[in-house]
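The values are calculated or read from the model by the stated rules, or taken from the named source; none is laboratory data. Every value quoted in this text rests on a predicted model; they were computed, and no experiment measured them. Cβ atoms come from the backbone with ideal geometry, glycine included; neighbour counts cover every protein chain shown. Calculation scope for accessible area: heavy atoms of the full protein, side chains included, ligands and nucleic acids excluded. Shrake-Rupley method; radii C 1.70, N 1.55, O 1.52, S 1.80 Å.
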Amino acid sequence: MLKDGVVLYNALDGEGRDAGAHEVLDACAGHPDPSNTYHHHDIPPCILSKVKNGTTVLVGYALDGYGIYVVKSANGALPTNTSLDACHGSTSEVVWNGKPTCIYHYVATLEYPYTIGCFHGTPINSGRGGGGRA
């Protein structure tokens, strides 16, 4: 779930393809699923554009409870997949509960799978029948 209240699904569409490359998305890179649940498959430009260069910002949570962060360098670049683990995360210092804390977290990139490659922890049951949620 993203902090703006929109559901974050994994990076795949219903046919198992890269959703960002194959789905029809609105101006904020979201769209409804067949049950009419509006969602994203990555961190949308509407959120990315609000993160200042040189900062790290918590933008949501995965079903295993770990935070999803946008990390922008001083020139506004996002990390690449090569700097992250298999689950698309990292252990580094981020602001957690208002304090700089060294913890594991997922990191948004512009490369597939965009936010979460696998769960680092044990995901909770969303109570909504699964279906691609990150």
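Within segment 4-48, the set of residues being open to solvent by less than 30 Å² (accessible area, probe 1.4 Å) and of a type in the set (Phe, Trp, Tyr) comprises just one member, Tyr9. No other residue among Val70, Val51, Val57 is touching a Leu at 6+ places or on another chain (Cβ under 7 Å), surrounded by 11 or more Cβ atoms within 10 Å (Cβ to Cβ) and at pLDDT 95 or above apart from Val70. Restricting attention to segment 31-46, the residues being of a type in the set (Val, Ile, Thr) and within 12 Å of the chain's Cα centre (by Cα) number 1. Scanning segment 62-69 turns up one or more residues that are within 21 Å of Ala21 (Cβ to Cβ) and touching a residue at least 40 places away in the same chain (Cβ under 8 Å). As for segment 112-134, it holds at least one residue that is surrounded by 15 or more Cβ atoms within 10 Å (Cβ to Cβ) and assigned to a strand (DSSP E or B).
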